[in-house]
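Engineer: A single structure is presented below for examination.
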Amino acid sequence: MELSLKIDDIVFVNKLSYFVREPKKGDVVFIDTTKLPLKPAARDKRWIKRVVGNPGDRISIHPPYVHINGDPLNSPEIFATISERKKGYQGYLLPDITKHPNSIIKRDTDEIVLADNEYFLLGDNTSNSHDSRHFGPVPRSAIIGKLSWIIAPSKRRGIVK
């Protein structure tokens with residue numbers, strides 16, 4: 001059974017997975033915020049985000065879609081589900097610039113090209129997520145590991161999708 005994450009879930013983070021391969025689009029990852037350009041109040045935390053862009057990708061957001069190299073991102077399937085606003089998702093949104101005036105991507109004409117060892121990470125609930133739209137690319141060194149399983153509560157045990 002595949003599950004979406006909830007706030008109080010206890011998860012298994014596979015720290016070894018990225019010794020074998022690099023993060024790929026669709027992976028749900030655990031990140032170290034001390035390596036990000038954040039205000040002090042947001043540092044010293046660990047966040048969970050989804051990999052949307054890999055090194056070399058050109059990224060833009062045309063709500064409700066994320067575009068990679070000019071094309072809507074629909075694979076793996078979770079991206080189509082989010083973009084098509086299925087299963088309670090709202091699609092990919094631009095940040096509210098009244099709340100986040102320094103965001104990296106503010107309008108649908110903005111785009112960012114990822115350098116070597118940079119990843120673009122978004123939360124699945126973009127209306128409430130502080131992510132790469134706001135603070136920019138995430139260095140590979142900030143990615144701790146891949147989330148694989150929800151361990152608890154027991155009624156929610158399963159694979160993270």
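Engineer: How high is the FRET efficiency from Gln90 to Phe19, r the C-beta distance, R0 22 Å, rounded to 0.05?
Structural biologist: Numbers: r = 35 Å, r/R0 = 1.58.
Approximately 0.05, to the nearest 0.05.
Engineer: Would you kindly calculate the translational diffusion coefficient of region 103-142, applying Stokes-Einstein with the Kirkwood radius from alpha carbon pairs, for 10 °C and a viscosity of 1.306 mPa s, and quote it in µm² s⁻¹ without decimals?
Structural biologist: My calculation gives 148 µm²/s for D.
Engineer: Can you give the net charge of the other residues whose Cβ lies under 12 Å from the Cβ of Ser60, counting K and R as +1 and D and E as -1? Walk me through the numbers on the way to the answer.
Structural biologist: Working: positive: Arg58, Lys106, Arg107, Arg133; negative: Asp57, Asp71, Asp108, Asp110, Glu111.
Spelling it out: positives minus negatives among the neighbours equals -1.
Engineer: Measure up Lys35/Lys86; Lys15/Lys87; Lys49/Lys87; Lys15/Lys49; Lys49/Lys86 against 24 Å on the Cα-Cα distance and list the ones that go over. Spell out each step's value before the answer.
Structural biologist: On the way: Lys35/Lys86 33 Å; Lys15/Lys87 29 Å; Lys49/Lys87 18 Å; Lys15/Lys49 15 Å; Lys49/Lys86 19 Å.
Violating the 24 Å Cα-Cα cut-off are Lys35/Lys86; Lys15/Lys87.
Engineer: Subtract the Cα-Cα distance of Ser141 and Lys99 from 0.36 nm times their separation in residues, and report this length gain in nm to one decimal.
Structural biologist: Working it through step by step, the gained length comes to 12.3 nm.
Engineer: Further question on the same structure: Please report, in whole Å³, the volume per residue of the convex hull around the C-alpha atoms of region 22-144.
Structural biologist: Details: hull volume 11.9 nm³, N = 123.
For region 22-144, the hull spanned by Cα atoms encloses 97 Å³ per residue.
Only the coordinates and a few stated rules stand behind these numbers; no lab work does. Since we're looking at a predicted model, the values are computed, not measured. We place every Cβ from the backbone using ideal geometry, glycine too, and count neighbours over all the protein chains shown.
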